[in-house]
Amino acid sequence: MKVQFSPLALPTQGTVIFLMAQDAPLSTLAQKLDDQTQGALSRAMRVEQFTGKKNTLVNLVAPAHTELDRVILLGVESQAETDVQQSADTLVSYVETFNLTDIHAIAETDSQAAHFAYGLQLSHYRFDKYRTRAELQAKCVLETLTVATDDPKAAQALYLPLEAVAEGVKVTRDLIWEPANVVYPESFAQFCICLKEHGLEVEVVNSYQMGELGMTSLLGVGQGSKHESLMVILKYTGTQDSDEPIAFLGKGVTFDSGGLSLKPNASMNTMKEDMGGAATVTGLMVALAKRKANVNAIGVLGLVENMPSDKAQRPSDVVTSMSGQTIEVMNTDAEGRLVLCDLMTYTQRTFKPKAMFDLATLTGAVLVALGEEIAGIFSNNDELVEKITAAGEAEQEYVWRLPLGGQFDRLLRSEIADMRNDGNKPRIGGSSVAGQFLSRFIENDTPWVHIDIAGTAWTKEGQPNKPKGATGYGVRLLDRLIKEQFEAKEK
Ligand code: BES
Ligand code: MG
Ligand code: ZN
């Protein structure tokens, strides 16, 4: 969908949408159209008891004394950015039902214009590239959105960085939606190589090189698959300050069958989403590059496929992680932590990041505890927790801190190695046990947040600005955190 901003004027044809805050008086242009239609707008509002609440709209078809096809009054509720963004949800289902391809919106303020366009980009999303039958096909029909506003240049300036974030979210969603026979380590890495065009540096570290680095824990997870395990490093340099970068690590299990600790059918068939952490980091890096963020960031993806085979690792195998710590793999389905721990060691030793975030669809337990709209976070740094929590509230991509500590650490005891990968009491504090495992790989108190997105990466029903399916959760959250906490304010 192409977005453009134009000066305030009433279109004479097609579909026009008035964005209306709750109980606000008619804007000058709405008043003009109301006069022209001999009061049809205000009458329709009264009949429908329309006050401008979110999730409501009034639709006038072919209003008399005009050449217009439709006039839509869309409730945006308030001028709050998220309210305006979310008003797009209501419009999208309408656009799809009526196959509207080009629409004109009329905004009350420049900020409203920009955030409405942003919201529509986020909401107007379907993954239907594999549908070949016409009746199932492309509901994403909207080609151009023109938003009329007071100062189109100002609206455009507000919109551009938002569009960059929306593009990042789309990258994340597309990667997660793709099935595992299309997105596997090599093809994911190939996709990353193409991101060079956005100004990212991309390095692919192959299995041989990871072996040399001692990343045996990560390699063990992928050894049952015909696909080679790969690590991808995405580097974005947005400032010349020789500042240490912030690092984002992503679990990229392109399919999690469970390995020899095979998952039952019902839990296996959603496991293409198990590269959601890596997809989120990729989308975030795209967003940063596209909006030319004033920051240095590193993305590190651990791309592996977890499969059973004669070459697969066995429950009870012992591996030596890159950190030197040994791990008894008691459950090959607790594989995400085995990937992340080596990424953590590699990242800390190579880049000395000033802060490190890892994103992973790590535990089913976090979905049970927090549902589909809140991610679980674990951290060694109260200040980072406070900041990411605030960013989550602002973007409505919520996080909730869960505990680490001695009781979980004790569950990691192994009879043979430094630790086991699952907790030795099944179902006890599963998300915290996983977080505790990761915490053992922090070096020199690197400020760190682990974000368990197993619940939030996918939505069964859909959420505000998140259509059903892959949500892209985390891109907006982390983009805001970076903007508010890590970007130098002046260029
Ligand atoms: N990929 C799963 C976690 C998951 C579950 C992600 C549901 C998305 C939705 C992870 O690798 C896993 O299997 N975790 C196990 C850990 C257990 C064996 C200690 C789990 O959560 O059951
Ligand atoms: Mg698993
Ligand atoms: Zn997994």
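The values are calculated or read from the model by the stated rules, or taken from the named source; none is laboratory data. Computed from a predicted structure; not experimentally measured. Glycine also receives a Cβ, built like all others from the backbone with ideal geometry; neighbour counts cover every protein chain displayed. Each accessible area value is taken on the protein alone, full model and side chains, heavy atoms only, with ligands, DNA and RNA left out. Shrake-Rupley method; radii C 1.70, N 1.55, O 1.52, S 1.80 Å.
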Item to check | Inter-probe distance in nm under a simple model that places probes 7 Å from Cα toward Cβ, at Ser78 and Asp382 | outcome: 3.0
Checklist entry - What relative contact order, as a whole-number percentage, does segment 383-461 give when Cα pairs under 8 Å and 6 or more residues apart are counted? => result 25
Next on the checklist: How big is the dipole moment of segment 210-317 about its Cα centre under a simple scheme where the beta carbon of each Lys and Arg is +1, that of each Asp and Glu is -1, and everything else is neutral? Debye, nearest 20, please.
Outcome noted: 340
Next on the checklist: If you consider only alpha-carbon coordinates, what radius of gyration and Dmax does segment 79-141 have, in Å?
Outcome noted: 13.3, 41
Checklist outcome for this item: Mean accessible area per residue over the chain (1.4 angstrom probe, all protein chains present, square angstrom) is 42
Checklist outcome for this item: With T = 37 °C, eta = 0.692 mPa s and Kirkwood Rh from C-alpha pairs, the Stokes-Einstein D of the chain in µm²/s is about 138
Item to check | Listed peptides 33-41, 280-288, 309-317 by packing density, highest first (mean Cβ within 10 Å) | outcome: 280-288, 33-41, 309-317
Next on the checklist: Under the rule a/c < 1.5 gives rounded, and otherwise a/b versus b/c splits prolate from oblate, where does segment 119-178 land using the Cα gyration tensor?
Outcome noted: oblate
Checklist entry - Looking at Leu213, Ser439, Gln313, which one has the Cα that reaches farthest to the positive end of the dipole of the chain (charges on Cβ: Lys, Arg +1; Asp, Glu -1)? => result Gln313
Checklist entry - If you wrap a convex hull around the C-alpha atoms of segment 337-491 and split its volume per residue, what is the figure in Å³? => result 124
Item to check | Loop-located trypsin sites (Lys or Arg not before Pro) in segment 89-151, at most 12 other Cβ atoms within 10 Å (DSSP) | outcome: Lys129, Arg133
Next on the checklist: Among Gly430, Leu162, Ala105, which residue has its Cα furthest toward the positive end of the charge dipole of the chain, with +1 on Lys/Arg Cβ and -1 on Asp/Glu Cβ?
Outcome noted: Gly430
Checklist entry - Ignoring ligands, DNA and RNA, what percent of the accessible area of segment 187-327 is carbon or sulfur (1.4 Å)? => result 50
Item to check | GluC sites (Glu not before Pro) restricted to segment 381-419 and DSSP loop, no more than 16 other C-beta within 10 Å | outcome: Glu415
Item to check | Accessible surface of segment 2-150, 1.4 Å probe, proportion on carbon and sulfur as whole % | outcome: 48
Item to check | Unit charges on C-beta of K, R, D, E only; dipole of the chain, Debye | outcome: 620
Checklist entry - Can you list residues whose amide H is under 5 Å from Ala21's amide H, if they're 5+ apart or on another chain and H is modeled 1.01 Å from N? => result Val76
Checklist entry - In nm, what is the difference between 0.36 nm times the number of residues separating Val182 and Ser316 and their Cα-Cα distance? => result 45.1 nm
Checklist entry - Given labels modelled 7 Å from the Cα in the Cβ direction, how far is it in nm from Thr51 to Gln209? => result 6.1
Item to check | Gain in span if fully extended, Lys468 to Gln36, counting 0.36 nm per residue against the direct Cα distance | outcome: 151.5 nm
Checklist entry - How much length is gained if the chain between Asn59 and Gln407 is pulled fully straight, taking 0.36 nm per residue apart and subtracting their Cα-Cα distance, in nm to one decimal? => result 119.4 nm
Checklist outcome for this item: Restricting to Cα pairs under 8 Å and 6 or more apart, the percent relative contact order of the chain works out to 14
Checklist entry - Label point 7 Å out from Asp69 along Cα-to-Cβ: which residues of segment 97-124 have amide N under 15 Å? => result 97-105
